[in-house]
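Have a look at the structure below before the remarks.
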Amino acid sequence: MSIAHSQRLTFLRLLAALRPHWRSDVALPARIQTALRGERGVGSRDRRLYRELLFTTLRHLPWLEHCDDDTLVSRVATLAADTRATHGFRETFATPDSLAGLDRTQLLPDWFRAECPAAFEPHQLDTLLTRAPLWLRLQTDTPDEVFADWTSRQWQWTPSPTLDGAVRLHDEVDVTQTEPYERGQIEVQDLGSQLLLAAVAPQPGGRWLDACAGAGGKTLQLARLLGPTGRIAAHDIRPAALAELQMRARRAGVASRIETTGAPSGLFDGVLVDAPCSGSGTWRRSPHLKWVTTPATITRAATTQRTLLDRFARHVRPGGQLVYATCSLCHQENEATVAHFLETHPEFAPAPFAQTFGLTPTSHGLTIWPAAHDTDGFFVAHLRRRTV
């Protein structure tokens, strides 16, 4: 039996084990990792192959879930990214004719059209159906040290033409095992995530509250934007997330500027509410979420988001900034949530963006579309508290 045909059997076996969970398990990526670890004799390159094949299946599930095995393998091989790990499998099984006549709009949930009709436009749809790239944020004023390390590893990268300090890596690599990462010189952060804070331009030296800090991806970027005299109170209801934030802050050399807090108090120059959301903007990276997210998920998320905005807006000083962000493309979580907040909080008003990166804001915020800069999808609203 050839290597490719042996890989085919392993792929189909993995797929059969995961099939009952395709449309029900929000933690499916962890289940995939567990399944791959359970495959004896599978090396790192083959794990990358099976991971790509499985995620390709999830990305294109309506085209695949009712196929016979031969058609399924042919379509997955045709649709999978062409990498060193997948090349042999694609060469053996890919047949572009197997995709003839298929409707690409089936690859987004039907209910999503009402929440985000723009996602079904051809150029947006094309991007949403591809794997998201790996973006990094430089946390150093001496990036040549980072680039020298990457050159020694023969990695390929491209600086973002949109935002200084953002870099795209073109290789399938684990940057967390490199010296630049261990020295705190780089962080993994999608370009879209980086753009939303750059769009509101926090002033250096300010005092900010990161109200839903999580493990601190945006907290660390905010610390760099505020500079050495800036200060951040980082809040999250999950102690484990704050512990990870503290570790990352120490690695980045900004721990003295960030205080973790379980109960923020007082007024701040700015408050960031990076709210829990449906994650619909991350479907390129987490395609399983397309099939486990429902309209009820969106409604629950919007209810939580309104509560969080109401709770943390009181910490914005007069004249201060309130920044609301999600990694969702759903109207109910984004523009509708901001509109509701402004109706019930007349002391706040929309504020202009410092930069929009070629995107067009609405009266309630700015959507960072994946197709614009090859990113995940995000939404950001910039509000300011009136002084009188």
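Every number in this text was worked out from the coordinates using simple rules, so none of it is lab data. Computed from a prediction, not measured in an experiment: that's the story for all the values here. Don't worry about glycine lacking a Cβ; one is built from the backbone with ideal geometry, like all the others, and counts go over all protein chains shown.
Worth a mention:
- The range 106-120 and the range 195-213 have Cα centres lying 31 Å from one another.
- Extension gain (nm, one decimal) between residue 229 and residue 24, 0.36 nm per residue minus Cα-Cα: 69.1 nm
- Footprinting exposure proxy for 330, 277, 212 (fewest neighbouring C-beta atoms within 10 Å first): 212, 277, 330
- Relative to the longest principal axis of the Cα atoms of the chain, the long axis of helix 28-37 lies at roughly 50 degrees.
- Length-normalised contact order of the chain in % [C-alpha pairs under 8 Å, at least 6 apart]: 15
- Centre separation in Å (Cα based) which lies between the range 333-359 and the range 140-175: 34
- Rounded to the nearest 10 degrees, the angle from helix 295-313 to the longest Cα principal axis of the chain is 20 degrees.
- Computed label-point distance, nm, for sites residue 66 and residue 44 using a 7 Å Cα→Cβ extension: 4.2
- Given their separation in residues at 0.36 nm each and the Cα-Cα distance between them, residue 183 and residue 356 gain 59.1 nm when the chain is fully extended.
- Folded to 0 to 90 degrees: helix 69-79 orientation relative to the chain principal axis, Cα: 50
- Shown here: volume of the Cα convex hull per residue in Å³, derived from the displayed model; of the candidates (i) 145; (ii) 322; (iii) 132, it corresponds to (i).
- Paramagnetic reach from residue 387 (point 7 Å along Cα→Cβ, amide N under 18 Å) across the range 338-358: 347-352
- Loop-located trypsin sites (Lys or Arg not before Pro) across the range 127-178 with a Cβ neighbour count of 16 or fewer within 10 Å are 131, 153, with loop assigned by DSSP.
- Build a GNM of the chain with springs between Cα atoms under 10 Å apart, and of 266, 377, 319 the one that fluctuates most is 266.
- Exposure proxy order (Cβ contacts within 10 Å, fewest to most) of 327, 116, 67: 67, 116, 327
- Ranked by the mean number of other Cβ atoms within 10 Å of their residues, highest first, the peptides 83-90, 157-164 fall in the order 83-90, 157-164.
- The residue 120 and residue 303 beta-carbon pair, evaluated with R₀ = 22 Å, returns a calculated FRET efficiency of approximately 0.25.
- Percent of beta bridges antiparallel (DSSP, the chain, rounded to nearest 5): 60
- Taking label points 7 Å from Cα along the Cα-to-Cβ direction, residue 9 and residue 250 give a separation of 4.9 nm.
- Measuring r between the beta carbons of residue 92 and residue 141 and using R0 = 45 Å, the FRET efficiency lands at 0.40.
- Between residue 238 and residue 2, the contour length at 0.36 nm per residue exceeds the Cα-Cα span by 80.1 nm.
- Taking label points 7 Å from Cα along the Cα-to-Cβ direction, residue 317 and residue 156 give a separation of 4.9 nm.
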